[in-house]
Amino acid sequence: MAIRWLQRTALFLGALLFLFPFYYMVIGSLQKDPDTSLAGAFPTGGFTLDNYAAINARIDLLGSLVNSGIVTGGVLLGTVVFGVLAGYALARLHFRGQGALFAAMLLVQIVPFQLLIIPIYVLIVRSYGLADSYLGMIIPFAINSTAVFIFRQFFLALPEELFSAARLDGASELRILWSVALPLARPALLTASLLTFIGPWNEFLWPFLVTKDADLQPLAVSLANYINTGAGRAANPFGAILAGAVVLAMPAVALFVAFQKHFTASDLGSGVKG
Amino acid sequence: MGRTATPGPADPPHGRLGALLGRQPVGILFAAPYAVFLAAIFAYPLGLALWISFHDYFFAAPGAQVERPFVGLENYRAVLSDPQVRRSFLNVTEFLLINVPLTVLLALLLASALNTAIRGRTFLRVAYYVPYVTAGVALVAVWLFLFNRDGMVNQLLGPLAPDPSWLINSRLAMPVIALFVTWKQMGFFILLYLAALQNVPKELYESAQVDGAGRVASFRNVTVPGVRPATTLVVIVATITGANLFTEPYLLTSGGGPNGASASPVLVMYQRGIEQGNPDVAAAIGVLLVLGVLLISLASRRLLERD
């Protein structure tokens, strides 16, 4: 009994510790002057939105958010359309090269993306001239392999009779996918979309490499540039940085909290177990 | 499916065509965009990275015809004799030595605690997962605020605060980054362990209880061996995450400072390859990095799954 109580207390204290930086991010973004004492973390008044105005004056928050949204939307679209097709083919169809494609899908998740950064930079920026374009930011992430894996595992778990019955009726595979498999796949779609969303929305290195034009930079990049170079001149530099951090973190955190039920071991478990 | 089925678009083709394309050639069409994507964004760049690393490669205007002679192992020699590159590999080793054991231990403990039915599970899950779903850049911003010289951590420590402060201290910069990444990625590894725990048969816990084993003993004798394959996966994924380290040294310790003490191989790769325009040297760093990750992955499989 004592151990159980101790374990519970430790779990809750740990959770508070994990959450504290988020709380501190919001508090720091609302303070006029930074107060780094312990009492400063629990202020009772003197809140201001000045920091949000300050960061907005420097990096066009709305424009950066729209850029992040376009890049993330492009990746989501590519993943949902082509990823579902590939996942369905890998799970339910027999075709030449299926085994090789499956192996490649697994392998892709083991090789660090960063290794490929130099050759992909050479290809996208130098050979295809896609620097400073949405397409250049989207292409390396266009189809999320983990999502393909989740789709495959989900379609694989559906009963075979469903498909053989539809095929006996003479339905085409595209028709079976659209009207039989896809309506059942909503949970997998949601889980895979959530997982896909956090990739491009949070990605820093790649969009940082391909965009020099500030008007095209996603928020993660423009905020990082502000942290590195511009913060010194602000009245309350940390306040402005933290205000930008809140805006960057908010959409992903809100989506996650709203849909956290779909972010569970059993949803992803089939994928993990292989 | 058989010969009696009504002929339809998905009817299996027979004979030579079927042998060549498979039973349902429409699958090739379905999978084609993804296959092309993997070839263009993964397979071809992988080959290109190797090719670049063995040649005297430099950036040129699109379409320009330039000579890029084969230089053998010259780039690798340059990389291995570069003290900053060597330093970055040592740094990432230090990072992994802190991050990987800490991740395995905490993730497994937290997952098995979360696996029991307790009140407030939703809150706990959200709390432990939320750093994983949040942008590294946003989280780095708070850690900069917390760990700077006049930050809250030093205020709390008072006279015990390290001098020089955390992020500009050559001995502490890398451990702080390792802690940051452990915290940020923890949720994902808890998730992996939670999935693995569903596969540990409940009867094993019951029989351990019958044998008089306490909670600690059954954790050691049932849980730990029961999730061993997941532990291999956690070690491998954590190693890959560590090998990818870039945002934290770039922003948290402003470019791998102080004096390269927290520079990661990917940061040096970026500096050499793109800032200084030596993609050949950078590609060689990348190839060495992947070889290192492969070695660690194979070794951890051997060590953790030897029985």
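Extending 7 Å from Cα along the Cβ direction at residue A:44 and again at residue B:78 yields two label points whose distance is 6.4 nm.
When the helices of chain B are scored as -39500 (n - 2.57) per DSSP H run of n ≥ 4 and the total is divided over every residue, the value at 222 nm lands at -19500 deg cm²/dmol. Ordered by the number of other Cβ atoms lying within 10 Å of each residue's own Cβ, fewest first, A:88, A:23 fall into the sequence A:23, A:88.
Rounded, prolate or oblate: pick one for the range B:106-157, where a ≥ b ≥ c are the square roots of the eigenvalues of its C-alpha gyration tensor, a/c under 1.5 means rounded, and failing that, prolate if a/b is larger than b/c, else oblate. Because a/c hits 1.5 or more and a/b exceeds b/c, the range B:106-157 counts as prolate. Subtracting the Cα-Cα distance of residue A:127 and residue A:174 from their residue separation scaled by 0.36 nm leaves 13.4 nm. Taking amide H positions as modeled 1.01 Å from N, with prolines and chain starts lacking one, the residues under 5 Å from residue B:55 and 5 or more places away or on another chain are B:71. Scattering from the C-alpha atoms of the range B:157-213 alone, worked out with Debye: what is log10 I(q)/I(0) at q = 0.12, 0.30 1/Å? Rounded to two decimals, the profile gives -0.58, -1.06.
Membrane-span-like helices in chain B, defined here as complete DSSP H runs extending at least 20 Å along the helix axis by their C-alpha atoms with mean Kyte-Doolittle hydropathy no lower than 1.6, are B:173-197, B:279-304; this is a sequence and geometry rule, not a statement about a membrane.
In summary, the helical segments of chain A meeting the span-like criteria, namely a full DSSP H run, a Cα extent along the axis of 30 angstrom or more and a mean Kyte-Doolittle hydropathy of at least -0.5, are A:2-30, A:237-258.
Taken one residue at a time, the phi angles of the range B:69-79 give Karplus couplings (6.51, -1.76, 1.60, θ = phi - 60°) of x, 5, 10, x, 8, 3, 5, 5, 5, 4, 5 Hz. Gly and Pro are set to x. In summary, the aspartates and glutamates within cross-link reach of residue B:202, defined as a Cα separation below 17 angstrom excluding same-chain residues under 8 places away, comprise B:211.
Shielding by partners for peptide B:243-250, expressed as the average number of C-beta atoms from other protein chains within 10 Å of each residue's C-beta, is 4. Restricting the calculation to alpha carbons of the protein assembly as shown gives Rg and Dmax of 25.4, 86 angstrom.
Shape analysis of the range A:1-121 based on the Cα gyration tensor places the equivalent ellipsoid semi-axes at 44, 28, 14 Å, largest first.
Residues B:289, A:62, ranked from the fewest to the most other C-beta atoms within 10 Å, line up as A:62, B:289.
Computed from backbone phi, the HN-Hα couplings of the range B:244-253 come to 7, 3, 9, 4, 5, x, 5, 9, 5, 10 Hz, rounded to whole numbers (Karplus: 6.51 cos²θ - 1.76 cosθ + 1.60, θ = phi - 60°; Gly and Pro given as x). Take each residue in A:88-101, count the other chain C-beta atoms within 10 Å of its C-beta, and the mean is 6. Taking a point 7 Å out from the Cα of residue A:250 in the direction of its Cβ, the residues of the range A:28-65 whose backbone N falls within less than 19 Å of it are A:28-32, A:47-65.
Which of the three applies to the range B:109-222, rounded, prolate or oblate, going by the alpha-carbon gyration tensor with a ≥ b ≥ c and a/c under 1.5 meaning rounded?
On the way: a/c = 3.03, a/b = 2.19, b/c = 1.39.
Here the range B:109-222 falls in the prolate category.
Size of the range B:204-307: Rg and Dmax of its alpha carbons, in Å, are 20.5, 67. Shown is the FRET efficiency for residue B:60 and residue B:228, computed with R0 = 45 Å from the Cβ-Cβ distance and rounded to the nearest 0.05: 0.35. For the peptides A:171-177, B:223-229, the ranking by mean Cβ contacts within 10 Å, running from highest to lowest, is A:171-177, B:223-229. Quick note on the range B:43-142: its Rg to Rh ratio, both from C-alpha atoms and Rh being the Kirkwood radius, is 1.21.
Which three semi-axes in whole Å describe the equivalent ellipsoid of the range B:81-304, each the square root of 5 times a Cα gyration tensor eigenvalue, listed largest first?
For the range B:81-304, the ellipsoid semi-axes come out as 35, 23, 14 Å.
Consider a paramagnetic label point 7 Å from the Cα of residue A:157 along Cα→Cβ; state which residues of the range B:174-189 have an amide N under 20 Å from it. In the range B:174-189, the label zone of residue A:157 (backbone N under 20 Å from the point 7 Å along Cα→Cβ) covers B:188-189. The orientation-averaged shadow of the Cα convex hull for chain A, equal to a quarter of the hull surface, comes to 20.2 nm². Per-residue mean of foreign Cβ neighbours for B:148-154 is 3 (Cβ atoms of other chains, 10 Å radius).
For residue B:58, neighbours were defined as the other residues whose beta-carbon sits under 15 Å from its Cβ, and their charges (Lys and Arg +1, Asp and Glu -1) total -2.
Hey, can you rank B:37-43, B:107-113 by average C-beta count inside 10 Å, highest first?
Values: B:37-43: 18.1, B:107-113: 21.9.
So the peptides B:37-43, B:107-113, ranked by packing, come out B:107-113, B:37-43.
Read the figures in this text as sums done on the coordinates, not as results from a lab. This is a predicted model, so every value here is computed, not measured. Neighbour counts run over all protein chains shown; Cβ positions are idealised from the backbone, glycine included.
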